[in-house]
Structures are given as C-alpha cells and as structure tokens.
Amino acid sequence: PLSSWALPGVPDENSPRVAGSHFGGTSTALPVFSKDQADLSVHAGPRNRSEAAFALSSAALHGNSDAGGSPLHAAIKISFLLKDFDPVVRESAARSLGQMYAALQNQRYAALVAPLLRDPHGATRAAAAWALAQMGQDGWPYVVGVASLLKDSEAEVRQAAVLALGELRCPQGADQAAVYLRHPLPEVRAAAIAAFGEMGMASAAHVPLVVELLQDRAPEVRAAVVEALPRFGPDEGAAYILVGLLVHAEPEVRDPAAKALGAFGEPIATEVAGLLAHRSAAIRISVLAALGHMGEAASQHAAVIADELEYPCGPGAREDRWRVRATAARTLAQMGVVALPHMPRLAMLLKDREPGVRASAITSLTTMLVRARASQAARM
C-alpha cells in the first residue's frame with residue numbers, strides 16, 4: 001500500500017495546503033486541501049486521493065510551489081495513483097498527468113499511463129487515451145493500443161479513442177484504424193470512420209476505403225462517412241467515387257453520397273450535372289440533391305437545373321417524376337443570384353397539378369425574392 005506522498009530519494013515538500021480539486025480548474029476557484037486530506041495512503045478515501053491528483057497537477061501548472069512543488073515532483077507523486085485500487089482514482093491520475101504533460105515532456109509518463117488502456121473500468125480507459133493524446137509524439141508508441149479502443153464495448157471509450165487518434169495524428173494509428181473498417185459491428189466501423197475524420201489529411205491514404213462504406217447497410221456507418229469526408233480536404237479521388245455512387249440502385253447509398261458531395265465544387269459539379277441526362281427519375285433526384293448541397297459552387301449549372309423544372313409527367317413512375325420538378329425547384333434556390341433569371345420558369349410551377357411541387361415552388365420563390373432584394377440593396 002502507498003503510505004506517503006514522496007518516492008524514495010525525492011524530497012517531499014512540507015506544503016500546508018494543496019489548491020485545486022478538479023481537472024481543468026484554476027487555483028483561485030478551487031477549494032483548499034490540507035496535507036492530511038491529500039494523503040495518498042490507503043487510509044485516505046478514494047475521493048480525497050482523486051482530488052489530490054487534480055490538486056497537485058493544477059498547483060504545479062499554476063506555479064504554486066508551496067502547494068504542489070515542481071511539475072516533476074507532482075508527476076512523481078501522481079504516478080503512484082495510476083495503480084490505485086479505486087478506478088476513479090486511476091482515472092484522475094491519468095487525466096492529471098495528461099493535463100500537465102506539456103510541462104513534463106518525459107516519455108516515461110506515457111509508458112506509465114499506457115497500461116490503463118486495458119483497465120477494466122471504461123472511464124479509466126477513456127482517460128488513458130485522452131492523456132496519451134496530450135503527450136504528442138511521446139504517445140505514438142502506444143497508438144495501436146489507443147486504436148484498439150475503437151472496438152470497445154462502451155461508447156464513451158470509443159469516442160475517446162476517436163478524439164485521441166485525431167490529436168495524435170500518427171500514420172500508424174490510421175493504419176490500425178483501417179483494420180476496424182471491416183469489423184462486424186456497425187458501431188465499431190462508425191468509430192473507425194470518425195477517427196479518420198478527426199485525423200484529416202493524416203489518414204488521406206485510406207479515403208477510398210472510407211468512401212466504400214457509403215454502401216454499408218447500417219445507417220450510422222453511412223452517416224459517419226458523410227460527416228468525415230469533408231475533413232479529408234479536397235480529395236478528388238474520393239469525390240469521383242461519390243459521383244459514381246449517385247447512380248447506385250439503392251437510395252440508402254445515393255442519399256448520403258449526395259450529401260457528402262456538398263463539400264466539393266468544380267470540376268466535380270460538372271461531373272454531377274452531367275448525370276442529369278440519366279433516364280431514371282430517381283437518380284436525377286439524387287443528382288439534383290447533390291447539386292443543391294454544393295450550393296453556389298454549382299451555380300454555373302443553374303440553367304441545366306432549371307430545365308428539370310419542366311420534367312414531364314408521362315406514364316409510369318409518376319411519383320418520382322413530380323419529385324424531379326420539386327427537387328429542381330429547391331435546388332435552384334441554392335444557386336445564388338445566378339439563378340434569379342430563372343424565376344419566371346420557377347413561377348410556372350405554382351400551377352403544377354402536384355401539391356408537393358407547388359409547395360416547393362413557393363418556398364424557393366420566397367428564398368429567391370429575398371436574395372434578389374438583398375442583391376438590389378447592396379448595389380444601391
């Protein structure tokens with residue numbers, strides 16, 4: 001059992017008090033702990049030991065030598081708690097070391113925190129991942145262990161691993177996360193995708209694998225891809241894959257692809273607009289939606305979009321056909337001032353026989369009228 005603050009050979013400060021009780025606090029807003037209250041012995045309660053770890057960390061960071069000593073002395077004391085029998089204390093110790101690591105810059109403490117990635121307590125595993133992320137390249141040797149938390153059974157831990165990998169930005173972490181893109185559980189695949197999004201360009205080599213998961217059966221996985229893709233930067237390879245998915249047979253694949261394309265502009269917008277010649281009304285709807293998500297980046301195609309306002313009713317597939325006109329109306333309103341000359345064509349839809357088309361026309365015309373007045377006011 002731990003019986004004192006000091007390690008052998010390290011002098012102990014006779015501090016009358018230890019200021020600070022929670023992670024991220026300031027010395028002026030925190031309660032005061034006496035030496036006895038902040039004792040690390042087994043006779044002190046877990047709450048006292050947990051608060052003492054945060055107190056020492058905060059005091060050292062704020063230069064309060066009377067309270068916690070130097071960052072090195074505080075870290076040595078806190079490192080005792082990494083093996084405490086109480087999981088909350090272990091969690092506090094890991095977070096405290098992560099908080100003060102900028103003042104330490106000693107890889108030894110990364111090695112001490114890393115075993116907690118396998119702690120039986122979920123919050124402690126999450127705290128270890130967070131702490132290693134604060135250690136920068138000193139945490140890189142343990143990135144495989146951090147990435148393994150992407151398959152953790154607890155959502156909190158998976159999220160901590162996602163954020164930690166994003167902060168570490170280690171190529172080996174990206175390679176390890178790619179392993180979990182094929183995991184049988186959708187929540188694990190989604191976590192791996194989110195990690196790539198947090199890593200951004202550091203994981204750009206794996207973008208094609210991520211894009212393929214837009215065809216995943218699980219909606220949470222497809223949603224994760226849509227959220228992650230814009231963070232990879234202007235990756236044209238991924239964009240062309242998304243364009244190809246716009247003609248997929250299943251709307252569950254087309255819809256997230258259309259949304260993801262909103263992060264791109266030209267020349268991708270031209271590729272997308274070219275698909276308006278497709279014979280399928282359902283695919284034309286997805287193409288129009290993609291152009292709408294691109295907004296003014298696709299404004300040079302406003303005339304082609306306006307042509308879809310006159311998409312005929314015709315026999316068969318009636319519902320899809322009127323939805324083409326309704327979607328074209330909504331998309332045209334996203335094209336900015338370039339679309340204003342097409343307002344008369346849009347107004348013709350106010351007499352459309354389908355109420356959904358008329359409703360879309362009203363909404364779009366209202367948006368465009370507001371934009372027209374704003375443009376006119378700006379010129380005055």
Flag for Val226 being among the hydrophobic types (A, V, I, L, M, F, W, C) and in a helix (DSSP H, G or I): yes
Boolean, Ala174 is open to solvent by less than 60 Å² (accessible area, probe 1.4 Å) and at pLDDT below 90: yes
Tell me, which residue of the range 72-124 that is acidic (Asp, Glu) and under 20 Å from Val146 (Cβ atoms) is most open to solvent (accessible area, probe 1.4 Å)? Glu91
Ala128 passes all but one of (1) in contact with a strand residue (DSSP E or B) (Cβ under 6 Å, 6 or more places away or on another chain); (2) modelled with pLDDT of 85 or more; which number fails? (1)
Would you tally the residues in the range 130-155 being open to solvent by less than 40 Å² (accessible area, probe 1.4 Å) and in a loop (DSSP other than H, G, I, E, B)? 2
Just for the range 327-364: of the residues that are open to solvent by 40 Å² or more (accessible area, probe 1.4 Å) and assigned to a loop (DSSP other than H, G, I, E, B), which one is nearest to Val304 (Cα to Cα)? Gln334
Identity of the residue in the range 187-225, within 17 Å of Val143 (Cβ to Cβ) and buried (at least 24 other Cβ atoms within 10 Å of the Cβ), that ends up nearest to the chain's Cα centre (by Cα): Ala194
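Any residue at all in the range 238-254 that's in a loop (DSSP other than H, G, I, E, B), loosely packed, with under 15 Cβ neighbours inside 10 Å and either on the phi < 0 side of the Ramachandran plot or free of Cβ contacts under 8 Å to residues at least 12 places away in the same chain (or both)?
Going residue by residue through the range 238-254, those that are in a loop (DSSP other than H, G, I, E, B) are 246-250.
After this cut, where a residue has to be loosely packed, with under 15 Cβ neighbours inside 10 Å as well, the list is 249-250.
Those still in the list that are either on the phi < 0 side of the Ramachandran plot or free of Cβ contacts under 8 Å to residues at least 12 places away in the same chain (or both) too: 249-250.
Scanning the range 238-254 turns up at least one residue that is in a loop (DSSP other than H, G, I, E, B), loosely packed, with under 15 Cβ neighbours inside 10 Å and either on the phi < 0 side of the Ramachandran plot or free of Cβ contacts under 8 Å to residues at least 12 places away in the same chain (or both).
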Being among the small types (Gly, Ala, Ser) and more than 25 Å from Pro344 (Cα to Cα) is the filter; apply it to the range 261-310 and report the residue that is most open to solvent (accessible area, probe 1.4 Å). Ala263
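The values are calculated or read from the model by the stated rules, or taken from the named source; none is laboratory data. Source: prediction; values computed, not measured. Every residue, glycine as well, gets a Cβ built from its backbone with ideal geometry; the counts of neighbours run over all protein chains shown. Remember, those area values only see protein heavy atoms, side chains included, never the ligands or the DNA or RNA. Shrake-Rupley method; radii C 1.70, N 1.55, O 1.52, S 1.80 Å.
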